[in-house]
Structures are given as structure tokens and as C-alpha cells.
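One structure is given below, encoded as C-alpha cells.
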Amino acid sequence: MNLVWFAENPGLSILSLLLLAFTLLLLSKWIRYIPNNRVGVVEKLISGKGSVKSGLIAMGGEAGFQPQLLRGGWHLLTPFQYRIHKLPLVIIPQGKIGYVFARDGKDLPPSQALASNAHGADFQDLLSFIQGGGEKGPQRQVLREGMYAINLAQFVVLTEDQLYYLPLDRSELETFQKMSAIISERAGWRPVIIRGADDAVGIVTVHDGPSLASGEIIALTVGEDTKQVSSYHNNFQDADKFLVAGGRRGRQYQVLVEGTYYINRLFATVELIPKTVVEVGTVGVVVSYTGEIGADISGQEYRHGELVAKGSRGVWSEPLLPGKYAFNTYAGKVLMVPTTNFILKWSKGEVGSHKFDENLAEVSLITKDAFEPSLPLSVVVHIDYRKAPLVIQRFGDIKKLVEQTLDPMVSAYFKNIGQTRTLIQLIQDRSNIQEQSGTQMKEKFAQYNLELQEVLIGTPTSGAPGGQIEQILVQLRSRQIADEQVETYGRQQSAAVKERELREAEARAKQQTLLTESAIGIEVQSNTGKAEYAKAQQQAAQIQTLAGAEAEKVRLMGEGEAKRIKVMAEAQAEQAARVGIAQAMAIEEQVRAYGGPQFQLVQQVMSRFAEAIEKSQVDVVPKIHMGGGAQGGGSLIESLLGLLLSEKAGQLAGVTTGTPPNPEAEALKAVMRQNLMK
């Protein structure tokens, strides 16, 4: 056929066209095409089994929505018996979560919020879902990223970007929008991601399942006895396993740490809280709100509360040491107790780093002399980390300990000290009071499981400028200034003396060259003298040695000569003796011949005298004549001889006044004259 034929036969052409259109219509009702990116939801319009009596899906071939889907391609169907709803495939993007709402299934129990999928439901197999006991309503199981061929007449899939469903009633849309809003509010379109840099833990609150028992505030960890918590419910990602294992509705004791978790936010919400960090220099004392009531392990002597083992309800006897902990702060409280020294300042306006003393002020005193000063002080305290639970059990926290116990105790102690001393004593004896208080208060602090390290006392004040205390301090300062001035004047006097010494030293330094040269000259001379002295000592020693040798030589020679002389002398003596004897005999004979020994002596004297005159060549006849006396003068020689021999000659001659002349004397004179004449 062509257009020309239709033009030549117009009646037949209209009939053919109508026939062709009917044929095409019949084929369209019989043969259906489903694109590959869509599914066909089959709605059966005519059935010999009648309509669906309960539910939405016709499980027995009744008229209604059929459980089977038509996938991509051509499908042959009975005309006018089926209606095909072409709907898109469900697509869950990467990193997103899809939520499923079932229109048909078993009714939910009153205590159940979400439909159970314990049978292992497959949302793409509607027949197995219904036959397996699938429940209607929002499902516990979620859809992960991917593409799903789901019967959208039975299931409504909610995603962040699109709502996948076959509209049946306008009121449904409002229900699904509210459901989407709840999911968005809980950030449920994305998995729970806890990053390592966040230093956070996830606190899980379950919104489905049995309620907690009376008196419980938090659900215990499921499977805690087997220590394999993750094998039960994969960290709350498998809701049905969690509930089957005994999980309870409410806030959970188990926490989530770093990782990614695909959790149904309609089933459980997750709150991120910071990890519990116990800094270096502190310990964390745990006060647990959950667990079994444990036995007291504090001992019989401790009467201020009970301590329990780790995991029991109460104050744990073991503190948390420095580190990071995934601690559920809804299940308990961690109180930080400093283990390093911390300072408590009783001074208004000054607060330590721990802020335990922010409500402390100066201690008001009344002194012995009725002054009312305010005493600022500081106390250094240390807490043994092993005793930290005892302190917390007894006082609740450190701040209460400071305000309710330490403040009254310390204030009362120093009030008592102030009443025993005057104001000046309080100021001047501060060091002694500080040392004494440190010793005495250590015992008091030890009673509260504290270690007192040191007590530091400040200067008392009156609290108002210009008060009596300030006046006394001004007087004391004036007195001290006067003492310092006296000291200053003394120092200045010493400085003047030092200055004079300095000037002398400078003057001496200027003359140092001359002093050095003179000192060197003195040293040179001293060294020269020492050298000469040493040389003289050497020469003396040499001379002494030579003299000794010479003396020894002389001694030896002298001894020889002495011996020789002795021999010769002995010989000569013997000769002289013999000659003398001969002479003596001759003299004796001569003496006898001359008339006696006196005459002989005179003769010898005169003989020697004559020899002397001869040798000296003295004139015998004098050129000068000396005279005197009544009898006339004589010669010089005669006078001298007369004077020389006056005594002897007088004695020999016997010449005395009034004595007659001696004949022997006269004879002697004659002999002398003869010898002189010769």
C-alpha cells in the first residue's frame, strides 16, 4: 500500500486505519515494554479468584497488586486484565542510607516501634517477605548504597534526595514527609562517622525494644559475659540481633569509638561526646551510676563511705590513671583529682589554676594587743593517687573539701596563733610561725588523707589604707631606714678608705717602673752578693784546704826541723854545757883572780858596751862637754855609764851618803875606763 492507493480508495483506507489502530491497541494491552532502568509493578484488574480480602498484595492471584515485578524487556499479558505501573529503580548513593516502609505485612506488637527483620527479609523478594512473616511499618533494616528493584506498591523507600513509592493515597505523602523530617533531624541519611581527630565517643540511645527495668537508668552491654559484644549486633547496626540478644530500649552503656556505623536512626540515635581525658598530674575517680551493688572494700577502719570494685555501682577503688578513655559519662562521673602539688590561697582576688580556692579570703585575726589584721596565706597540698578515691568518697569533690573542711580548720588554727602574739611579733616571727604551723598542721591534714607540703604566710594587713597596722609598719620602716643609713655611712667611710688605698695604689702603679727597676737592681745586687759570698766561701774553703795542707806540711817540716834542732840543740847543749862548764871553771878562776863575781859581771857589761859603741861608731871623745857638780865634769859616756850602773855599781862599790868608798867599786870603774879607751 501506498498513498496513491489510499487516495484512489478512500472508503477502504478509513476502515484499514481503524483496523490498524485497534490492532495496535490490542497489542499494547497484550505486549508491554519495560525499560531497563525501571520496574513494572503489576496491578491485576480482573481475576476469577476475586479481590484481595486482607492486606494490599494479592498473594493468591487475586485482583490487586501482584508480588512479582516486571523487569526490563517485552512482556506478554492478557489484554485489559493487568495495569502496569512503570516505576524507577531505587538508587542509594555512595555514603547514604535508605529507609524502608512496608505497606503490608503482619501488624506490629504494641511494644514495638519498628518492624522486625529477624527472618532475614529481602525487600527485593516481596513474596518471601510476606511469607516469612514480614511486618508492616518502618523497617529496622536499612538499605546501603546500591541499586534495588523493589516493588514500590508494597515498600516505600525514603532517601535524602528522593521518595520512591507508588502513590495510593494523598494522605500517605504527609506521613512519609514526617518520617523523612525525623530522619533528617537525627542526621540519619548518612552513617555515623567518628574520626580519630575528633577524640569523641558515640553514646547510643535505642528507641525500640523492651523498656529498662525499674531503677535502671542505662542499659547494660549486651553479651558482656562472653566478651564478644560485636558478634551480637555489630555495634547496633543489626537491630534485630541486638534485641534478640536481650538489648533494651534507652541509653546504652556501650559506646561507639572511631569508625563508620550504618545505624538506623529510627532505631537508635547517636550522640557524640568528648573522650574522658585524664591529664598527666591527675587521676580520675569514677563514680558509677550503674552496675550491681558491690561489696565495700575500703576496710573496717574507714568509716566515711564505701568503695567498690571496678564495674560495680558506687565509687571505684581504682582511679583512672593519665590517658584517654571511652567513658560513658551518662553511666557515671569521673572526678579529676590532682596528684601534683596544688596551692590553696587564702587571698581574695587570687585564684590558683585548679580554682579550688576561688571562694577563699584572708584570715581575720585578733592579736594579743587588740589589733585586727587580715592574714593572707598559701598552703601547698598533695594527694596520693592511691588515696584519691577515699578523698572523693569522703568529701564528694576537692572543692567541697577545701571550702567545708580545710578553710575552717586553717582559719581557726591561725586565729589561735594570732591571739598569742602582738602585731609586731606576728610580723617579726613570721618565719618561726610558718615553720611551726607547717609541722603541726601536717597531722591534721593527714587525717583527711592529704599531705601538707608547706605553709606560706604573707604580711598582715588592716584591709583599709592608712590603718593602724600601716602606721606601725611605717614606723618600723623608718627605723629600718635609719639603721640602713647608719650602715650606709659606715659603708661610705669604708669606701673612702678604699678610695684612699686606691689612690695610693694608682700612685704606686705610676711609679711601678722605678719600683720594679729598683727591686730588680736590689735583687741583682743581692744575687751578686750571694755569688761573691759563695765565691768567697769557695775561696775560703780552698784557702782553708790549702792552709790545712800547708799547715800539715809545716807541721811535718817543723816536726822534722824540731827533731833536727832538738838533736843539734842537744848536741850544742851538751857542747855548751861542756864549754860552759869549762868557762865557768875559767870564770870562776878569773873571778877568783879578779876578786869576786861582782867584778866579773861589771867586766862583762863593759865589754858588751864597748862592742856596741864600736859598731855604732859613736864618738868616744865627746864634742860637747857636760859638766856640773863640785868636782868638775866628765865625759858623756862616763855620765851615762855612771847613770846606768848607778844602782849596781853603787851596790857593788857601796857608795852611799856617808859611806866610805869600796875598793872593789873603784877597781870596776878603772876596768870600764880601760875598755872604753880601747
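The values are calculated or read from the model by the stated rules, or taken from the named source; none is laboratory data. Please read these numbers as outputs of a predicted model, since none were measured by experiment. Ideal geometry is used to build each Cβ from the backbone, glycine not excepted, and the neighbour counts take in all protein chains shown.
Just a few scattered comments:
- Qualifying residues in segment 152-162 (those that are of a type in the set (S, T, N, Q) and at pLDDT below 95) - the one surrounded by the fewest Cβ atoms within 10 Å (Cβ to Cβ): 162
- Wholly within segment 163-270, strands (runs of 3 or more DSSP E) carrying at least 2 residues that are surrounded by fewer than 15 Cβ atoms within 10 Å (Cβ to Cβ): 259-261
- Residue check, residue 491 touching a Ser or Thr at 6+ places or on another chain (Cβ under 9 Å), of a type in the set (Lys, Arg) and at pLDDT 85 or above: no
- One residue stands out among those in segment 117-133 that are in a loop (DSSP other than H, G, I, E, B) and modelled with pLDDT of 90 or more: the one that is nearest to residue 233 (Cα to Cα), which is 123.
- Checked across segment 131-139, the condition of being in contact with a Lys or Arg (Cβ under 8 Å, 6 or more places away or on another chain), crowded, with 20+ Cβ neighbours inside 10 Å, closer than 30 Å to residue 324 by Cβ and touching a residue at least 12 places away in the same chain (Cβ under 8 Å) holds for no residue.
- Residue match in segment 140-150 (condition: more than 60 Å from the chain's Cα centre (by Cα), assigned to a loop (DSSP other than H, G, I, E, B) and in contact (Cβ under 8 Å) with a residue 24 or more places away in the chain): yes
- Residue within segment 413-422 that is assigned by TED's automatic domain parsing to the domain that holds residue 341, hydroxyl-bearing (Ser, Thr, Tyr), in a loop (DSSP other than H, G, I, E, B) and out of contact with any helix residue (DSSP H, G or I) (no Cβ under 6 Å at 6 or more places or on another chain) present: yes
- Segment 18-40: number of residues that are among the aliphatic types (A, V, I, L, M), modelled with pLDDT of 75 or more, surrounded by 11 or more Cβ atoms within 10 Å (Cβ to Cβ) and part of a helix (DSSP H, G or I): 0
- Yes/no for residue 343 being modelled with pLDDT under 90, of a type in the set (A, V, I, L, M), surrounded by fewer than 20 Cβ atoms within 10 Å (Cβ to Cβ) and in the same structural domain as residue 428 (by TED's automatic domain parsing): no
- For segment 521-537, the criterion of being modelled with pLDDT under 75 and out of contact with any Pro (no Cβ under 6 Å at 6 or more places or on another chain) is satisfied by no residue at all.
- Counting the residues of segment 347-378 that are closer than 21 Å to residue 449 by Cα and touching a residue at least 60 places away in the same chain (Cβ under 8 Å) gives 1.
- Test result for residue 348, of a type in the set (D, E, K, R) and modelled with pLDDT of 90 or more: no
- With respect to the conditions (1) closer than 22 Å to residue 129 by Cβ; (2) surrounded by fewer than 16 Cβ atoms within 10 Å (Cβ to Cβ), residue 43 falls short on a single one, namely (2).
- Residues within segment 269-290 that are over 30 Å from residue 213 (Cα atoms) and among the charged types (D, E, K, R), tallied: 1
- A single entry from 330, 385 fulfils the requirement of being closer than 20 Å to residue 445 by Cα, touching a residue at least 60 places away in the same chain (Cβ under 8 Å), of a type in the set (Ser, Thr, Tyr) and in contact with a strand residue (DSSP E or B) (Cβ under 6 Å, 6 or more places away or on another chain): 385.
- Residue match in segment 593-604 (condition: assigned to a helix (DSSP H, G or I), modelled with pLDDT of 65 or more and surrounded by 12 or more Cβ atoms within 10 Å (Cβ to Cβ)): yes
- Residue check for residue 402: under 20 Å from residue 453 (Cα atoms), surrounded by 17 or more Cβ atoms within 10 Å (Cβ to Cβ) and under 32 Å from the mean Cα position of the chain (by Cα): yes
- Inter-residue pairs, beta-carbon under 7 Å, first over 20 Å from residue 136 (Cα atoms) and in segment 45-57, second outside any loop (DSSP other than H, G, I, E, B) and among the hydroxyl-bearing types (Ser, Thr, Tyr), 6+ apart: 45/82
- Of all residues in segment 350-363, one or more are farther than 27 Å from residue 281 by Cα and more than 28 Å from the chain's Cα centre (by Cα).
- Residues that are charged (D, E, K, R) and under 30 Å from residue 370 (Cα atoms) within segment 467-525 comprise 470, 477, 479, 483, listed in sequence order.
- The listed residue being of a type in the set (Ser, Thr, Tyr) and in contact with a helix residue (DSSP H, G or I) (Cβ under 9 Å, 6 or more places away or on another chain), out of 128, 116, 111: 116
- Restricting attention to segment 417-429 and to residues that are free of Cβ contacts under 8 Å to residues at least 60 places away in the same chain and in contact with a Pro (Cβ under 9 Å, 6 or more places away or on another chain), the residue that is surrounded by the most Cβ atoms within 10 Å (Cβ to Cβ) turns out to be 418.
- Some residue of segment 464-473 being at pLDDT below 80, in contact with a strand residue (DSSP E or B) (Cβ under 6 Å, 6 or more places away or on another chain), surrounded by 10 or more Cβ atoms within 10 Å (Cβ to Cβ) and closer than 30 Å to residue 437 by Cα: no
- Enumeration of residues in segment 331-355 that are assigned to a loop (DSSP other than H, G, I, E, B) and either of a type in the set (Asp, Glu) or touching a Leu at 6+ places or on another chain (Cβ under 6 Å) (or both): 350
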